[in-house]
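The values are calculated or read from the model by the stated rules, or taken from the named source; none is laboratory data. Please read all numbers here as calculations on a predicted model, not as lab measurements. All Cβ positions, even for glycine, are placed from backbone atoms using ideal geometry, and neighbour counts span all protein chains on display.
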Amino acid sequence: MSNAPTEETVIDVEHYTDRLFSFNISRPKSFRFRSGEFIMIGLPALPDQKRPIMRAYSVASPSWDESLEFFSIKVPDGPLTSRLQKIKKGDTVLLGRKPVGTLVLDALLPGKRLYMFSTGTGIAPFASLIRDPETYERYDQVILTHTCRQKAELSYGLRLVESLKDDPLVGEMIGDKLLHLTSLTREDYPLKGRITTLIESGDLFTNAGVPPLNPEEDRVMICGSKDMIDDTAKLVEGFGLKEGSNSQPAEFVVEKSFVG
Ligand code: A2P
């Protein structure tokens with residue numbers, strides 16, 4: 001079988017700010033993935049390019065969906081996103097064949113609460129996981145945090161979580177199990193500050209109405225920029241949680257949100 005990417009069709013594009021947009025593409029019947037995994041995405045090579053530029057993107061749609069959804073940053077001179085941000089319905093997007101990743105339920109030991117810490121487009125893998133019934137079968141409580149610079153950048157997540165109330169598959173399962181905590185760092189907002197600051201000050205736990213992180217009950221997934229991941233992982237380790245992987249599940253997992 002060829003390893004070359006498949007050519008998929010853009011179904012829908014939505015722009016949130018001058019920095020963020022999401023898009024949906026067709027999904028090959030044979031394309032299987034676990035919620036939270038990422039895949040290579042690209043655009044056909046330009047005449048002066050030897051090969052297409054491909055970047056890793058977390059799949060934001062649930063694994064049962066007919067299309068594949070992605071949430072992307074727009075980098076004005078980014079090799080891929082400078083072109084990708086201009087895609088329109090009907091255009092072709094290249095899709096890799098092998099989804100992989102560590103932000104999966106199988107890389108964590110059973111627990112009581114599942115935290116998903118995200119910044120910016122780092123919410124993408126969690127957009128998939130919070131639509132997966134298994135997430136709610138495995139945990140009593142799911143706490144999704146999303147921190148951005150400005151309010152408009154929270155829209156994608158706010159709208160998604162709101163839509164889950166009427167979701168035929170997970171709507172009833174969720175009940176009050178899912179807590180979505182949003183914070184901003186560069187505009188006024190009820191909850192202000194980086195996720196790292198909110199963990200350190202304890203404001204996160206006060207707001208969520210839960211005890212501080214502990215390795216007996218809590219499991220954590222982290223997705224954002226490299227610095228955010230490194231800083232947040234360090235704090236989480238400070239509470240005694242150990243990093244897990246597909247082959248050795250433990251108490252927390254991290255993944256970069258890939259941009260460029
Ligand atoms: P800040 O505004 O203080 O830089 P970006 O869009 O640059 O990826 O940032 C998304 C969010 O992540 C912003 O709110 C930003 O806060 C925050 N952030 C950036 N670096 C870190 C870090 N090292 N640890 C925690 N949060 C971070």
Which residue pairs have Cβ atoms closer than 7 Å, lie 6 or more positions apart in sequence or on different chains, and pair a first residue in segment 51-78 that is free of Cβ contacts under 8 Å to residues at least 40 places away in the same chain and more than 19 Å from Ala4 (Cα to Cα) with a second residue that is in a loop (DSSP other than H, G, I, E, B) and of a type in the set (Lys, Arg)? Glu66/Arg27
Can you tell me which residue in segment 163-188 is nearest to the ligand (Cβ to nearest atom), limited to those that are surrounded by 16 or more Cβ atoms within 10 Å (Cβ to Cβ) and among the hydroxyl-bearing types (Ser, Thr, Tyr)? Ser183
If you take the residues of segment 220-246 that are basic (Lys, Arg) and not in a loop (DSSP other than H, G, I, E, B), which of them is modelled with the highest pLDDT? Lys234
All positions within segment 88-120 that are among the hydroxyl-bearing types (Ser, Thr, Tyr) and touching a helix residue (DSSP H, G or I) at 6+ places or on another chain (Cβ under 9 Å): Tyr115, Ser118, Thr119
Does Glu137 fit the bill of being at pLDDT 95 or above, more than 10 Å from the ligand (Cβ to nearest atom) and among the acidic types (Asp, Glu)? yes
Among the residues of segment 98-110, the number that are assigned to a loop (DSSP other than H, G, I, E, B), at pLDDT 95 or above and surrounded by fewer than 17 Cβ atoms within 10 Å (Cβ to Cβ) is 2
Residue check, Glu200 at pLDDT 95 or above and either in a helix (DSSP H, G or I) or within 14 Å of the ligand (Cβ to nearest atom) (or both): yes
Taking Arg131 as the residue in question, decide whether it is assigned to a loop (DSSP other than H, G, I, E, B) and either touching a Gly at 6+ places or on another chain (Cβ under 9 Å) or more than 11 Å from the ligand (Cβ to nearest atom) (or both). yes
Considering each of Leu191, Leu160 in turn, give the residue that is aliphatic (A, V, I, L, M), under 14 Å from the mean Cα position of the chain (by Cα) and either crowded, with 18+ Cβ neighbours inside 10 Å or within 16 Å of the ligand (Cβ to nearest atom) (or both). Leu160
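Every residue in segment 58-81 that is small (Gly, Ala, Ser) and either assigned to a loop (DSSP other than H, G, I, E, B) or modelled with pLDDT under 95 (or both), please.
Selection gives Ala60, Ser61, Ser63, Gly78.
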